[in-house]
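The values are calculated or read from the model by the stated rules, or taken from the named source; none is laboratory data. As the structure is a computational prediction, the values presented were derived from the model and not from experiment. Cβ: placed from backbone, ideal geometry, glycine included. Neighbour counts: every protein chain shown.
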Amino acid sequence: MKVTYNWLKDFVQLKIAPGRLAEKLTMAGLEVVSLKELAGDFIFEIEITSNRPDWLSVIGIAREVAAITAAKLELPKLPSLSPVRAAGLGEFTIEIEDKKDCPLYTAKIIKNVKIAPSPEWLRKRLELVGCRSVNNVVDITNYVLFEYGQPLHTFDLDALRPSGIIIRRGKDQERITTIDAEERILDRDILAIADKYAPVAVAGVMGGVTTQVSNNTRNVLLEAAIFDPVLIRRGRQKLGLQSEAAYRFERGLNHKIVEAVSLRATSLILELAGGEYVLNRSCGSIKVKNNSVLLDVKEVGRILGANISASETKTILSNLGFNMRAKTKGKFLVHVPAFRQDITSAIDLIEELARIHGYEKIMVSLPALRPKPILETARDRTCLVKNILVGLGLSEVITHSLVSSQLLSDCGISIKGTIAIKNPLSKEQQILRPTLLPSLVRCLAYNLNQKQDYIAIFETAKVFTLSNAGTPQEELFLGIVICGEKSLLLTKGLTKEESGPRQLKGITESLFNRLDIQGYSFIGEGIDKAAILLGQEKIGAITALDKEVLLRLDIKNKEVFCLELCLEKVLSAMHKDRKFSPLPKYPGIERDISIIVKEDVSIREVLAAVKEIGAGYLAELKISDSYQGKQIPQGHRSLTLSCFYRLGDRTLTEAEINPLHAQVSAKLKERFGASMR
Amino acid sequence: MDIELIKKEAESRIESSSSLDSLEELRFKYLGRKGVLAELTGSIPSLPVAQRADFGRQVNALKEDLSKLIEAKRVSLSGPLVKKSSRGSAEIDLPGLAQGLGQLHPISQVTGQICEIFMRMGFAVIEGPEIETEYNNFTGLNIPLEHPSRDAFDTFYLNLKSPLLLRSHTSPVQIRAMKKNKPPLAAVVPGRVYRPDATDVSHSCMFHQIEGFVVDENICFSDLKGVLEVFAKAVFGSDIKMRFRPHFFPFTEPSAEVDISCIICKGKGCSVCGRKGWLEILGSGMIHPNVFRNVGYDPKKYTGFAFGMGVERIAMLKYGIDDIRLFFENDLRFLKQF
């Protein structure tokens, strides 16, 4: 909303410089987003909040200016005008189909006007507030709209077919060309102003081209009405239209001033365009609730933590146009003026008091919080996971939850069971992602393009799926993708470590051990794919991406490895109370076995077999080396198993362990065809 | 052999020893397994029985003396805690050996810092779902479904039979938390939110918010001012100025937008603050009685305040980042700066 310094002066004596006024307005809740000096005037551009339609007028802002600068508001005296009778208009009727849609419609007819350019002062004021000058009659309706905030419309009376106005819903596929020269298609949800045959305006939004006031117009019909805010809003949304009029109708108007505003415009027309005022018709009636609100001074203190005295309360409210009288001690009955339909309860008045008293005058305090015991939350655990991953050398990324169906199909992911967005802004935001990996791989591709030679990134975020019953579900997931050679500068020189699934396995193990997750395993599912199990349940997977998929994502000559885990399941399996286990009292004996087995021998089964034999004695078992290459026959693998034997209640002797360890070797030979190295 | 003589000689040689290596040689010579003292002990059986005990004591005393002496010398040769290096001093000019630490996304870091500030004041950190109902996102928060006050909250709807949506702010978690718990309540809520905004330097269809609210008896506007002042000074420094500007939000009344003096130009006016000298950092206010009614709290008994901020905006101001898209592009050269 734009308003000028000189226009405000019509209604309030300004003893304050424009810059200072702008500051005061901002601090009263009318944020002045710009102040410009132009053509001997100052233009204030003010952001008006949606609860204050009364501020969408010069008079409304002047009322506020009066309250915050302790000046008097001077409202113009309205002319008393009566129509002179003219022949041939006796039949003129106004018909409202549904009074809910249009509680009040007034029409005034002025004959023999002379359409001409507006005088300089009128054109200048409108142009300063950003409104294009058209001609004297149209300009007058716009001028009064800005002045009072009540939209008006004028029709060329002779273009309306006899004899009257009908306010009705649009008919399906009914067409009207609006004054912006666009053809609009109406329906039952859009309110129209019509003559006997066709719509002549989209009510409260925009007039039609056939009845607009032009240079040839002789006789005009001036409309001033009240329409249902929700209906106007729906209609203009459906038509994709916005106008100064609709903007005000949607927000709600002061029903009481319709007639006065209409008279104000009539008198201006008579003054600037001549003619005779010959008819005043109206249909419907105004129903203004006379709201009264009980204000308890104690309540003001309870909400604000600041005391505003009874006399200041009175001053502030009466300057804002409220009438009030004391009920009992410390309580006032406040009568709400018609232009303040936003005030319905005491809290609304408390805001008015705080605003004018000044937020800056309210002191600063700290609440005495009574916190409840705060238990560890899922977020704390997620943060822990993220910090562990960062410690393991991964970079966190944040990618969009919305993806294109193209990206999913490029990654070979079906969109069945995904959740689509009803009103996407672009193809990039069509679908709520059912997996984190496509976005992560795309992020990786971006970084490869920036010539990064090693990329290891992760994201923790929700993924979204539809359950079988069709209800949407969101679950917290962890995704990791790695690619390239990690360069490590070690004492022995630069070492390059190629990315592979075992890095991801190592990351998972470090993470799970740190979180004290028990009972997890990795099960190979064919080449380059492994499931991560928690007990018997699959909670994630490690995969190497298919070359075709990589090509579709513009990744060439690179291998990419991914991990995806249901983080919620991991977090709920976290051991929340760790217990201390006593340190071993007795020494143990370490024995290594180096074997060569065929490469398709399941290492998991080898380990399980060793554990089975060593049960009761074997405290730790790990693979301390694995090797394929020179000196090892083709298709075979060398493994070194480190077995650590220990008892909890006494020192083990070599004599006890030697036969047991021999049994291990024998079993490996027998069951897995292992040869000892 | 004369014990006294051996002692004198050993003492003088230890005293004049000039390096840890030569000291170690002396230790070996005298106290080693085949050293001088071992030899003396070995000679005991050849002594007359009457002398054996006395000689043995003298040898033991000498052993103890020399051990102490060598240890004392070792300390004086070593200096405090520093290993005598065989490497040259240029070694330190070589790059440190890789430890390969990653980093959290700047949005995670800033979210963490902000939550931490409020946790120190006694707030809990809670979260809520990203798919929400119209009730929690709008109606429960006193935002009528068909009203201009909704225009600020353009929303993505899901293509489902039930009218579910992606939350356009973190405020629905207020409704969830209040319905689930009785006051007192003090919580902050970080999370992703979604709005169908065309992407540009300052808009993204997904971004992060942190919501905060306190409900109890006797919570007032001055408390809101105090808590937000602690927050803003912790994030932007204690020398910033603040102002609370009246504004309108359907779910709070009185409502305030909070500005800080521009951290770039210190309030003089620059391009970052649009020549105003002030930067808007968050929206806030006293929780509207209708919101309390909607969750079954008695507004006559309880009062409370709420606030919400965009994490990207705070991070952009804090680090001087001029394009929101950088956060979601995830260029490692960008991420590694934080």
Checklist entry - Is it the case that some residue within region A:93-104 is free of Cβ contacts under 8 Å to residues at least 60 places away in the same chain and either surrounded by 10 or more Cβ atoms within 10 Å (Cβ to Cβ) or within 37 Å of the chain's Cα centre (by Cα) (or both)? => result no
Item to check | Conditions (1) touching an Asp or Glu at 6+ places or on another chain (Cβ under 9 Å); (2) among the charged types (D, E, K, R); (3) at pLDDT 90 or above; number of the one not met by A:LYS422 | outcome: (1)
Checklist entry - Counting residues that are among the small types (Gly, Ala, Ser), which helices (runs of 4 or more DSSP H) fully inside region A:228-284 reach at least 2? => result A:244-251, A:258-273
Item to check | Residues that are within 30 Å of B:ILE324 (Cβ to Cβ), assigned to a helix (DSSP H, G or I) and within 9 Å of another protein chain (Cβ to nearest Cβ), drawn from region B:173-227 | outcome: B:LEU224, B:LYS225, B:VAL227
Item to check | All positions within region B:85-112 that are outside any loop (DSSP other than H, G, I, E, B), at pLDDT 75 or above and within 12 Å of chain A (Cβ to nearest Cβ) | outcome: B:PRO106, B:ILE107, B:SER108, B:GLN109, B:VAL110, B:THR111, B:GLY112
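Restricting attention to region A:369-404, report how many residues are free of Cβ contacts under 8 Å to residues at least 12 places away in the same chain, hydrophobic (A, V, I, L, M, F, W, C) and either more than 10 Å from chain B (Cβ to nearest Cβ) or more than 27 Å from B:LEU326 (Cβ to Cβ) (or both).
Residues meeting the conditions: 3.
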Next on the checklist: I need the full set of residues from region B:126-159 which are acidic (Asp, Glu) and either more than 11 Å from every other protein chain (Cβ to nearest Cβ) or in a loop (DSSP other than H, G, I, E, B) (or both), in order please.
Outcome noted: B:GLU127, B:GLU130, B:GLU134, B:GLU146, B:ASP154
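Evaluate region A:405-417: report whether one residue or more is without any contact (Cβ under 8 Å) to a residue 60 or more places away in the chain, farther than 27 Å from B:PHE305 by Cβ and in contact with a Phe, Trp or Tyr (Cβ under 6 Å, 6 or more places away or on another chain).
no
Okay, residues lined up against (1) free of Cβ contacts under 8 Å to residues at least 60 places away in the same chain; (2) more than 13 Å from chain B (Cβ to nearest Cβ):
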site	(1), (2)
A:GLY29	no, no
A:ALA39	no, yes
A:GLU47	yes, no
A:ALA70	no, yes
Checklist entry - Any idea which residue in region A:1-27 is surrounded by the fewest Cβ atoms within 10 Å (Cβ to Cβ), counting only those that are among the hydrophobic types (A, V, I, L, M, F, W, C) and part of a strand (DSSP E or B)? => result A:VAL12
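Given the condition at the interface with chain A (Cβ under 9 Å from one of its Cβ atoms), over 31 Å from the mean Cα position of the chain (by Cα) and either surrounded by 22 or more Cβ atoms within 10 Å (Cβ to Cβ) or not in a strand (DSSP E or B) (or both), answer yes or no: does some residue in region B:231-246 qualify?
Yes.
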Item to check | Filter pass, B:VAL188 being hydrophobic (A, V, I, L, M, F, W, C) and either under 30 Å from A:SER426 (Cα atoms) or surrounded by fewer than 23 Cβ atoms within 10 Å (Cβ to Cβ) (or both) | outcome: no
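Given A:ALA666, A:ALA608, A:ALA655, A:ALA615, which one is among the small types (Gly, Ala, Ser), under 14 Å from A:ILE595 (Cβ atoms), surrounded by fewer than 17 Cβ atoms within 10 Å (Cβ to Cβ) and without any contact (Cβ under 8 Å) to a residue 12 or more places away in the chain?
Of the residues listed, the single one that is among the small types (Gly, Ala, Ser), under 14 Å from A:ILE595 (Cβ atoms), surrounded by fewer than 17 Cβ atoms within 10 Å (Cβ to Cβ) and without any contact (Cβ under 8 Å) to a residue 12 or more places away in the chain is A:ALA666.
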Checklist entry - So which residues in region A:418-430 are more than 7 Å from chain B (Cβ to nearest Cβ), more than 17 Å from A:GLU564 (Cβ to Cβ) and touching a residue at least 24 places away in the same chain (Cβ under 8 Å)? => result A:GLU428, A:GLN430
Checklist entry - Which residue out of B:VAL227, B:VAL215 is under 25 Å from the mean Cα position of the chain (by Cα) and within 11 Å of B:ALA306 (Cα to Cα)? => result B:VAL227
Item to check | Matching residues in region A:430-454 - criterion: being over 20 Å from B:ILE107 (Cα atoms) and not in a helix (DSSP H, G or I) | outcome: A:GLN430, A:ILE431, A:LEU432, A:ARG433, A:PRO434, A:THR435, A:GLN450, A:LYS451, A:GLN452, A:ASP453, A:TYR454
Item to check | Any hit, region A:216-224, residues being in a helix (DSSP H, G or I), among the small types (Gly, Ala, Ser), at pLDDT 90 or above and closer than 26 Å to A:ASN291 by Cβ | outcome: no
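So that you can scan it fast, the table gives a plain yes or no per residue for (1) surrounded by 12 or more Cβ atoms within 10 Å (Cβ to Cβ); (2) on the phi < 0 side of the Ramachandran plot; (3) in contact with a Phe, Trp or Tyr (Cβ under 8 Å, 6 or more places away or on another chain):
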| residue | (1), (2), (3) |
| --- | --- |
| A:LEU504 | yes, yes, yes |
| A:LEU511 | yes, yes, no |
| A:ASP528 | yes, no, no |
| A:LYS538 | yes, yes, no |
| A:LYS556 | no, yes, no |
Checklist entry - Inside region A:69-176, counting only strands (runs of 3 or more DSSP E) that do not spill past its ends, which hold 3 or more residues that are out of contact with any Cys (no Cβ under 6 Å at 6 or more places or on another chain)? => result A:104-111, A:152-156, A:164-169
Next on the checklist: Can you report the number of residues in region B:297-311 which are of a type in the set (Phe, Trp, Tyr) and part of a loop (DSSP other than H, G, I, E, B)?
Outcome noted: 2
